[in-house]
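Data first, discussion second: the structure below is written as structure tokens.
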Amino acid sequence: KSCARIHTSNMKWLVVGLCLYLIITRDGWCAISEKQLNATKKLVRNSCTAKSKVAPEIIDAMHQGDFSDGQCYLHCIMNTYKLIKPDGSFDWEGGITTVNANAPPKIAVTAAASIKNCKDSLKNKSDKCAGAAEVAKCIYEDDPPNYFLP
């Protein structure tokens, strides 16, 4: 019985701690550092590169404004960041909320502005990859030096 009581007590504190963590991060008290953001972007980039089988050169070209190839890579990125709703539309409001809550302030300001400026950029809902590329291209063209997608 005593082991069960200890286990239950530990679980209760674990649940309380997890709830506090979720509340704090949801409200933006704990934005990640630039170093953590870059590590996360690298992880997402590697995952989506493997899933979409796109060459690294194509992704590098996107960071120079060439979005002619690799559109399904961009859909993977947008889907990973929960920027595309199940109906295929761009969840720009959710994107702004996420950026403001999690990105370092220096990045959040420019990223949120670009997301808002591109809220109507997704025209092609029938082709999820092309639609994601429309949004990514708009975000890039809105502020090329501060393009933030991996």
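Restricting attention to the stretch 82-103, the residues that are surrounded by fewer than 20 Cβ atoms within 10 Å (Cβ to Cβ) and among the small types (Gly, Ala, Ser) add up to 4. Across the stretch 109-125, what is the total count of residues that are in a loop (DSSP other than H, G, I, E, B) and crowded, with 18+ Cβ neighbours inside 10 Å? Total satisfying the criteria: 3. Restricting attention to the stretch 45-55, which residues are without any contact (Cβ under 8 Å) to a residue 12 or more places away in the chain and of a type in the set (D, E, K, R)? Passing the criteria: only Lys53. A residue that is more than 15 Å from Asp142 (Cα to Cα) and hydrophobic (A, V, I, L, M, F, W, C) occurs somewhere in the stretch 103-122. Please find, within the stretch 42-69, the residue that is surrounded by the fewest Cβ atoms within 10 Å (Cβ to Cβ) out of those that are closer than 21 Å to Pro144 by Cβ, of a type in the set (D, E, K, R) and in contact with a helix residue (DSSP H, G or I) (Cβ under 9 Å, 6 or more places away or on another chain). For the stretch 42-69, the residue satisfying everything is Asp66. It is to be established whether one or more residues within the stretch 70-81 are modelled with pLDDT of 95 or more, assigned by TED's automatic domain parsing to the domain that holds Leu37, buried (at least 19 other Cβ atoms within 10 Å of the Cβ) and of a type in the set (Ser, Thr, Tyr). Among the residues of the stretch 70-81, at least one is modelled with pLDDT of 95 or more, assigned by TED's automatic domain parsing to the domain that holds Leu37, buried (at least 19 other Cβ atoms within 10 Å of the Cβ) and of a type in the set (Ser, Thr, Tyr), which makes the answer yes.
So that you can scan it fast, the table gives a plain yes or no per residue for (1) touching a residue at least 60 places away in the same chain (Cβ under 8 Å); (2) closer than 23 Å to Ser33 by Cβ; (3) among the aliphatic types (A, V, I, L, M); (4) in contact with a Gly (Cβ under 6 Å, 6 or more places away or on another chain):
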| residue | (1), (2), (3), (4) |
| --- | --- |
| Glu57 | no, no, no, no |
| Gly65 | yes, no, no, no |
| Asn79 | no, no, no, no |
| Leu83 | no, yes, yes, yes |
| Pro104 | yes, yes, no, no |
| Tyr147 | yes, yes, no, no |
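Comparison of Lys106, Lys128 shows that the only residue that is of a type in the set (D, E, K, R) and surrounded by fewer than 15 Cβ atoms within 10 Å (Cβ to Cβ) is Lys106. In the set (1) more than 28 Å from Leu122 (Cα to Cα); (2) at pLDDT 85 or above; (3) not hydrophobic (A, V, I, L, M, F, W, C), the condition left unmet by Ser9 is number (2).
Restricting Lys123, Lys137, Lys116 to those that are assigned by TED's automatic domain parsing to the domain that holds Leu74 and closer than 16 Å to Lys82 by Cα reduces the list to Lys116.
The values are calculated or read from the model by the stated rules, or taken from the named source; none is laboratory data. Bear in mind that the values here come from a model prediction, so they are computed numbers and not experimental data. As a convention, Cβ positions derive from the backbone with ideal geometry for all residues, glycine included, and neighbour counts pool all protein chains shown.
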